[in-house]
1. For T371, only one of the following conditions fails: (1) among the hydroxyl-bearing types (S, T, Y); (2) surrounded by fewer than 18 Cβ atoms within 10 Å (Cβ to Cβ); (3) within 16 Å of L238 (Cβ to Cβ). What is its number?
2. Report yes if some residue within region 195-211 is free of Cβ contacts under 8 Å to residues at least 40 places away in the same chain, within 32 Å of the chain's Cα centre (by Cα) and closer than 17 Å to L41 by Cβ; otherwise report no.
3. Conditions: (1) crowded, with 24+ Cβ neighbours inside 10 Å; (2) among the small types (G, A, S); (3) not in a helix (DSSP H, G or I). G447 meets all but one. Number of the miss?
4. Can T586 be described as at pLDDT below 95, among the hydroxyl-bearing types (S, T, Y) and within 19 Å of G421 (Cα to Cα)?
5. Looking only at region 168-188, count how many residues are in a loop (DSSP other than H, G, I, E, B) and not polar (S, T, N, Q).
6. For region 312-360, what are the residues that are surrounded by fewer than 15 Cβ atoms within 10 Å (Cβ to Cβ) and assigned to a helix (DSSP H, G or I)?
7. Kindly check whether there is at least one residue in region 456-467 that is among the acidic types (D, E) and under 30 Å from A245 (Cα atoms).
8. Please go through region 548-591 and give me each residue that is out of contact with any Phe, Trp or Tyr (no Cβ under 9 Å at 6 or more places or on another chain), open to solvent by 100 Å² or more (accessible area, probe 1.4 Å) and not polar (S, T, N, Q), ordered by number.
Amino acid sequence: MDRNTTDQGFTESEFNANSVTTAEDTGPEQTDGFHLVIDALKLNDIDTIYGVPGIPITDLGRLAQAEGMRVISFRHEQNAGNAAAIAGFLTKKPGICLTVSAPGFLNGLTALANATTNCFPMILISGSSEREIVDLQQGDYEEMDQLAIAKPLCKAAFRVLHAADIGIGVARAIRAAVSGRPGGVYLDLPAKLFSQVMDAEAGAKSLVKVIDAAPEQLPAPSAVKRALDVLKGAKRPLIVLGKGAAYAQADDEVRALVEKSGIPYVPMSMAKGLLPDTHPQSAGAARSMVLKDADVVVLVGARLNWLLSHGKGKTWGEPGSKKFIQIDIEPREMDSNVEIVAPLVGDIGSCVSALLNGMGGDWKAPPTEWTDAIKSRKEANLAKMSSKLLKNSAPMDFHGALGALRTIIKERPDAILVNEGANTLDLARSVIDMYQPRKRLDVGTWGVMGIGMGFAVAAAVETGKPVLAVEGDSAFGFSGMEIETICRYDLPVCVVVFNNNGIYRGTDTDPTGRDPGTTVFVKDSRYDKMMEAFGGVGVNATTPDELSRAVNEAMDSGRPTLINAVIDPQAGTESGNIGSLNPQSTVKKKK
């Protein structure tokens, strides 16, 4: 059933007209639930909403736009939710996603769960069916107990039943989203709430301006001393910067810690650019070596999850060969996989500043044997890669195409890079250097596909900067229809689809000969034609030179552009760099 038509056959406008109580023209000025939600958001400096209109929140979007808020309407709620999530990461304010009830809520919930996992502040606001019907399971329009479903998948969940409580409900959601470890919050607004009318003066008084939503959390002095004592004894120290360090926006402090200590550092992918990847202390090009050989590792906003092999195994060398110092605002993160000998619990800015103050003016740099060994390994690895990046073949391989994009980002360090895929993601992480913080946005902790177009839209809206979205053809398919959204809002987004005709490779076959292989797409698809259909610029690129020329033209013009980058179907590996996580059968059935 179309979401814009009720079971009784009413159109959406008839449904809204029958359900909204209008204020009298005479007497005291009045307000209603619609306006109180908008006023509560604006009072807290939230000026943008990402969502999909429909029953019962269509008028909320219209009225928000009329009140000066920016309302970006998407084609699918999951993409709107991803946009809200990355808006939260970029701004440190909760990104707002607005959806309809039931199926729309469920679509947005995927993005909310992903935001929570990645520690992005986000609020999913969904209209919902009436409580008395839902609780008795009497079959309301899009009936679903949305609050109960959301609770296990987000940081906090609230429902507002009375207009007078909207202010406190929004305030609680904001504070929950940004305080401590940030995350996703669900706010349930039943349809009847919007049409509730109350005195405007009383309504204004019911609103809450959140004060100090994310207060500083200072580390204990004893914890700072313990961490410095461990670090002083290191022979082969290493700093690992996570996306939490990027989110903190303590850029000057983080850089001062790295440079004052002289310690080599490795950035996780969304922390790239906190210091330029070309910084002399960057050990990214020697990542395998430094993780294995370091004896003391300082984790700054990074977690020892699967992305860091849980802090153990062959990635980290001999068992017990290293000590970990961890900075995190969440005390339960400590000892999650291995022993943390020096936990520093607090916000990253405060913890890093405390370490800097405790180091004094005569901190001893790491031994030159360690730094020289890293430099030698970096130079060898970069030399191996350089020839691959210069390959100018047709069709392209991943290295040749990424080599062209690497140069473009070097020349345009202010541009924002969005990146997802398998091989497209894995190789871009190591090939494309970043020079400024929060300029690289990718799949993050869960490694999910489908974030691309939502992230690209929000990055352009929130920053006003040009966006380059580098997509695998499979990953692009999850959110590709949002190129219409990019064109509709005339956003400066250039999408590059690495098209190798399939997932991982475009070469699988069906042994029965009946169907295409399970990982194969339509051969020689022209994704650029999709962009042209919506009034954007489409380009088909078959060589790195053509790709470079097309991307530069797009970035210069600011016009919505999609470049179909033709990649050799043989290029790429099964599951990218995490093929070990994709089990394969070794059993052969008897015929």
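The values are calculated or read from the model by the stated rules, or taken from the named source; none is laboratory data. A quick note: this is a predicted structure, and the numbers were derived from the prediction, not measured. Note that we place each Cβ from the backbone using ideal geometry, even for glycine, and neighbour counts take in every protein chain shown. Keep in mind that these areas ignore ligands, DNA and RNA; they rest on the heavy atoms of the full protein, side chains included. Shrake-Rupley method; radii C 1.70, N 1.55, O 1.52, S 1.80 Å.
1. Result: T371 fails condition (2) only.
2. The answer is yes, given that some residue of region 195-211 is free of Cβ contacts under 8 Å to residues at least 40 places away in the same chain, within 32 Å of the chain's Cα centre (by Cα) and closer than 17 Å to L41 by Cβ.
3. (1)
4. Working: at pLDDT below 95: yes; among the hydroxyl-bearing types (S, T, Y): yes; within 19 Å of G421 (Cα to Cα): no.
Criteria not met by T586.
5. Selection size over region 168-188: 4.
6. K314, T315, P331, R332, N357 - these are the residues of region 312-360 that are surrounded by fewer than 15 Cβ atoms within 10 Å (Cβ to Cβ) and assigned to a helix (DSSP H, G or I).
7. Restricting attention to region 456-467, the residues satisfying the condition of being among the acidic types (D, E) are 462.
Now restrict to residues that are under 30 Å from A245 (Cα atoms): 462.
Yes: region 456-467 contains one or more residues that are among the acidic types (D, E) and under 30 Å from A245 (Cα atoms).
8. Passing the criteria: R549, E553, D556, R559, P583, V587, K588, K589, K590, K591.
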